[in-house]
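Read through the structure below, which is laid out as structure tokens, and then see the notes.
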Amino acid sequence: MNGLFALMAALVLPVYGPMDNVAFRKTIIDPVFRSEGVCVADVNGDGRLDILAGDLWYEAPRWTPHEIAPQVRYDPANGYSDCFACFAADINGDGRPDQIRIGMPGGPADWRENPGPSGGRWKRHEIVSSACNETPLFTSLSDRGRKPVLVFPVHERYMAWHEPGTDPTQPFTNHRVSEDGAPGTQRFSHGLGVGDLNGDRRPDVVTTEGYYASPADPRSGPWPFVPAKLGQPCANMIVMDVNGDRLADVVTSSAHGVGIWWFEQIRNGAGQEFIEHLIDNSFSQSHAMVAADIDGDRTLDIVTGKRFWAHGPNGDIDPNAPALLCWYRLTRPSGKVTWTRYIIDDDSGVGTQFVVIDINKDRALDIVVSNKKGVFLFEQVRSKRR
């Protein structure tokens, strides 16, 4: 193992960013295609956040790679990784973060057990044998910030959320959200989100065709379905109040086409309606998106980018265009919604899931992505603090 990585070192590139008080320093953690999902956690308990991508974890601060499982060599032009989404949580309660890994849609989801100081490869435990939808989520279903759970459909049948049972080494307990064959439940369904769309302070499960309204007890399924027109096939569906009218709106991005939009919620005598507004249509394949307050102005912004070679060098629209990573600053001058795009990088992009987090604990949000171009860290550098 040590010999294999003897020549590998993180490459730090100059700060790049056009906004006077927000710029990013790019670090190439690994130039090899490892996964299209990524997460961060303090794997070894030294107080620093490490990076986990597929079969490797990278130890901070030098980003030294360590094996989680035997590595698989993926061909970015013709193949996919077994890690479309990657999350970290202490599943077995031993005080150490484990890795949650969700592979190709329709395939299994598992968690891999952190071995602790003894080191070595991480033991695999199956969560479910068939996890569907291309945007599986790990998020709270409570407005009180309770423990996050997994949200995705199973076996191309029904939407569900999943939590460990009394024995976490056994498949997770799944709780039905939808009826069989309902919207968002197909193997390659595009578009999934969680957030309170009806104002009852309970997070709903959102699809492009509408949302499943959370009951008082989220374990009592199936949940009622509320039809709504929320656009074309997309990736993450972010629930946030875009225009400041205290009604939750939805922000989406095209997984394989072109477009980023927000859907304004309107209340009228007939109930809810969602009006589509274009944010950007200048690049394709924005297959993952995160909402975060990048500039520290207490307003949520969005971060997204181009997924490089989602279907290889000859698939989708403009597959070989620059792999942009960018953020959109949300402002409301005179009450008008304005999105301003800032390009962070043009040679990385996003995968199918990524992380925005303060990885170096300097009170500014950073970005970690993993995709067919490699694994990257973008540390935010601010010249002027707000």
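The values are calculated or read from the model by the stated rules, or taken from the named source; none is laboratory data. Computed from a predicted structure; not experimentally measured. Cβ placement follows ideal geometry from the backbone for every residue including glycine, while neighbour counts extend to all protein chains displayed. What goes into the accessible areas is simple: the full protein's heavy atoms, side chains included, and nothing from ligands, DNA or RNA. Shrake-Rupley method; radii C 1.70, N 1.55, O 1.52, S 1.80 Å.
Key figures
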quantity: Sequence-separation-based contact order of the chain, relative, with Cα cut under 8 Å and 6+ spacing, percent; calculated: 16
quantity: ARG73 paired with HIS155, simple spin-label distance in nm, labels 7 Å along Cα-to-beta-carbon; calculated: 3.8
quantity: Most to least accessible of ARG121, ARG363 (protein chains only, probe 1.4 Å); calculated: ARG363, ARG121
quantity: Vicinal HN-Hα couplings computed from phi for segment 152-169 (Karplus, 6.51 cos²θ - 1.76 cosθ + 1.60; Hz; Gly/Pro x); calculated: 5, x, 10, 6, 6, 10, 8, 6, 8, 10, 9, 9, x, x, 5, 10, x, 7
quantity: Given charges at Cβ of Lys, Arg, Asp, Glu: segment 243-386 dipole, positive-most of GLY257, SER334, ALA291; calculated: SER334
quantity: Electrostatic dipole magnitude of the chain [Cβ: Lys, Arg +1; Asp, Glu -1; Cα centre; debye, to 20]; calculated: 560
quantity: Relative contact order (%) - criterion: Cα under 8 Å, at least six apart; region: segment 232-386; calculated: 16
quantity: Per principal axis, descending, Cα span of segment 35-164 in whole Å; calculated: 43, 42, 22
quantity: Three-way shape call for segment 76-151 based on the alpha-carbon gyration tensor, with the a/c threshold at 1.5; calculated: oblate
quantity: Built amide H within the under 5 Å cut-off of MET289, gap 5+; calculated: ASN236
quantity: log₁₀ of I(q)/I(0) at q = 0.07, 0.10, 0.14 Å⁻¹ - the chain, Debye sum with one point per alpha carbon; calculated: -0.29, -0.62, -1.28
quantity: Interchain or long-range residues, amide H under 5 Å from ALA53's placed H; calculated: TYR58
quantity: FRET E, pair ASN281, THR139, Förster distance 35 Å, beta-carbon r, rounded to 0.05; calculated: 0.80
quantity: Percent RCO, i.e. relative contact order, over segment 77-131, from Cα pairs under 8 Å lying at least 6 residues apart; calculated: 27
quantity: Length added when fully stretched, ARG25-THR169, from 0.36 nm per residue minus Cα-Cα; calculated: 47.9 nm
quantity: Accessible surface of the chain [probe 1.4 Å, protein heavy atoms]: carbon and sulfur percent; calculated: 49
quantity: Sequence-distant residues sharing a close amide H with ASP345 (under 5 Å, placed H); calculated: LEU325
quantity: Equivalent ellipsoid dimensions for segment 282-325 as semi-axes, Å, which come from the Cα gyration tensor, largest first; calculated: 27, 8, 7
quantity: Residue (of PHE24, GLY165, PRO76) at the positive-pole extreme of the chain, dipole from beta-carbon charges; calculated: PHE24
quantity: Projected label distance in nm at ASP200 and PHE188, using a 7 Å step from Cα toward the beta-carbon; calculated: 3.5
quantity: Hz values of 3J(HN,Hα) by residue in segment 357-362 - Karplus curve (6.51, -1.76, 1.60), Gly and Pro given as x; calculated: 7, 7, 6, 9, 6, 10
quantity: Dipole in debye (nearest 20) - segment 86-157, about Cα centre, beta carbon charges: Lys, Arg +1; Asp, Glu -1; calculated: 140
quantity: For segment 207-319, convex hull volume per residue from C-alpha positions, Å³; calculated: 138
quantity: Spatial extent of segment 268-386: Rg and Dmax, with the Cα atoms as the point set, Å; calculated: 16.0, 51
quantity: Karplus-derived HN-Hα couplings along segment 374-382 (A = 6.51, B = -1.76, C = 1.60, θ = phi - 60°), whole Hz, x at Gly and Pro; calculated: x, 10, 9, 10, 10, 8, 6, 10, 10
quantity: Distance from segment 85-145 to segment 180-236 (C-alpha centre basis), Å; calculated: 22
